[in-house]
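Asker: Below is the structure I would like to discuss, written out as structure tokens.
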Amino acid sequence: MSENVNLPAKPFSFQCDKRTTALVVIDMQNDFCSPGGFGELLGNDISQTRAIIPKLQQVLAACRQHGVLVVHTREGHQPDLSDCPPTKLRRSQLQGAGIGDTGPMGRILVRGERGHEIVSELAPAEGELVIDKSGKGAFYRTELDALLQARGIASLVLTGVTTHVCVHTTLREANDRGYECLVLEDGTAAFDPADQEAAIRMVHQQGGIFGWVGWADDWIVALE
Ligand code: TIU
């Protein structure tokens, strides 16, 4: 069985080795995908972020079946908010969704609360890595890079929400660290489709300035 994966992508075909690739599922939490979470309290429509859940279930199943390392991330803060920059806290309060305030899903964007949990459909399986981060990027003040390096990971398949915020920050951090990155267009979402379109274009323009963009089904077929 070949360990090489090759699929059509923009700006040109993407290649990787299953053994040195990780699927990264970014922030598919109630706070961004469920009614009463941080995203909705900020005034966003969560239909777009919810809509990718079934496709991500398929991507997760295929990666698990083929032994691709799976990493989940969650954005959230310590209960005492000591890891929340005052600037971020203040802007959330101005938006009427103060981090740490009590909302329908518990304390907003706080670890251990219902809003912070990954949606049940995409719950991490035993042994999968779960990275808790206080920032938008998954490398900032986390062990992610060390954990990936220890496993010899060279390529990342990025999915999750929101494309222009946490997915892009993570993508850019990963790109600077030398990882080859594939973003799944239908495995990512922004609250506003205009942001999704712009964010996706920014990945593959200029000959793939940050990496590649592909479709979930092509990734799944390529794993076979
Ligand atoms: N996970 C993530 O993208 N965090 C955000 O706050 N995104 C917004 O689009 N607000």
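Asker: Can you tell me which residue is farthest from the ligand (Cβ to nearest atom) among those in segment 120-146 that are aliphatic (A, V, I, L, M) and in contact (Cβ under 8 Å) with a residue 40 or more places away in the chain?
Answerer: Taking segment 120-146 and keeping what is aliphatic (A, V, I, L, M), we get 122-123, 125, 129-131, 138, 144, 146.
Retained after the next criterion (residues that are in contact (Cβ under 8 Å) with a residue 40 or more places away in the chain): 122, 125, 129-131, 138, 144.
Numbers: L122: 14, A125: 21, L129: 17, V130: 15, I131: 12, A138: 10, L144: 15 Å.
If we take residues in segment 120-146 being aliphatic (A, V, I, L, M) and in contact (Cβ under 8 Å) with a residue 40 or more places away in the chain, then A125 is farthest from the ligand (Cβ to nearest atom).
Asker: Let me ask something else about it. Which of the residues spanning segment 135-167 are of a type in the set (V, I, T) and over 15 Å from the mean Cα position of the chain (by Cα)?
Answerer: Initial filter on segment 135-167 (of a type in the set (V, I, T)): 142, 153, 157, 159, 161-163, 165, 167.
I153, the sole residue that qualifies.
Asker: Within segment 165-196, count every residue that is surrounded by fewer than 21 Cβ atoms within 10 Å (Cβ to Cβ) and within 10 Å of the ligand (Cβ to nearest atom).
Answerer: 4
Asker: Of the residues I53, I46, only one is in contact with a helix residue (DSSP H, G or I) (Cβ under 8 Å, 6 or more places away or on another chain), surrounded by 15 or more Cβ atoms within 10 Å (Cβ to Cβ), touching a residue at least 40 places away in the same chain (Cβ under 8 Å) and under 28 Å from D145 (Cα atoms); which?
Answerer: On inspection, the qualifying residue turns out to be I53.
Asker: Would you pick out the residues in segment 159-202 that are more than 17 Å from A22 (Cα to Cα) and part of a loop (DSSP other than H, G, I, E, B)?
Answerer: T162, A190, F191, D192
Each value in this text was obtained by applying a stated rule to the coordinates, not by laboratory testing. From a predicted model like this one, the values you see are computed outputs, not experimental measurements. Glycine also receives a Cβ, built like all others from the backbone with ideal geometry; neighbour counts cover every protein chain displayed.
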